[in-house]
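Structure provided below as structure tokens; questions to follow.
No lab work stands behind these numbers, since they all come straight from the coordinates. Keep in mind the model is a prediction, meaning the values are calculated, not measured. As a convention, Cβ positions derive from the backbone with ideal geometry for all residues, glycine included, and neighbour counts pool all protein chains shown.
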Amino acid sequence: MQYRRILSLALVAATGLSACSPALDWREFEPEGSGIIATFPCRTDRHARQVTVAGAATRMDMLVCTAGGVTYALAFTDAAAPEGVTAALADLRAVAARNLGAATPVASPVQVRGMTPNPMATRLRLSGLRPDGTAVQEQAALFAKGLRVYQASVVGPSLDDEAVDTFFSGLKLSS
């Protein structure tokens, strides 16, 4: 699973880079070529890799930072065709749960300004274990606009609901 490897590497890299970061310094910006305005609590690093999502090879870009021991990430990729969007959202949801060994993710509706309605667009709450066996929590928002598929994630040993809500509510798809 290339996606799992890229997420793990990005989380490890971001954790190492966060040692000198202030706790939460929210800033809004529109990453070039992303089609989204995002609010992050720290300075992001950008990574791009070829991954397989829903059986199709694609380039996935990821913005990631860590503040207060919690990693914030926004990944995006493009589906090849309209029918691939739902499959990509379903695959990203399954991978998120599988990465943590989360047997029962709690799903709720997600609304991001400008998103294209899709039955697989969702907000997830997951609890599981890191590869080293330590407990971890994740909240993820999965959504799309047109053929572009997004996954916003917050991962850490414990999550502050207010910080997670600030991160997710700061997502706005540009025209």
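What percentages, rounded to whole numbers, describe P(r) for the chain computed over all alpha carbon pairs with 10 Å bin width beginning at zero?
10, 42, 40, 8, 0
May I ask you to order 45-53, 144-152 by the average number of other C-beta atoms within 10 Å around their residues, highest value first?
Values: 45-53: 16.2, 144-152: 21.7.
My ranking of the peptides, most packed first, is 144-152, 45-53.
Classify the range 84-125 as rounded, prolate or oblate, taking a ≥ b ≥ c as the square roots of the eigenvalues of its Cα gyration tensor: rounded when a/c is under 1.5, otherwise prolate if a/b is larger than b/c and oblate if not.
Oblate is the answer for the range 84-125, as a/c is 1.5 or above yet b/c matches or exceeds a/b.
Report the relative contact order of the range 2-173, percent, no decimals, based on alpha-carbon pairs under 8 angstrom and at least 6 residues apart.
About 21 percent, as a whole number.
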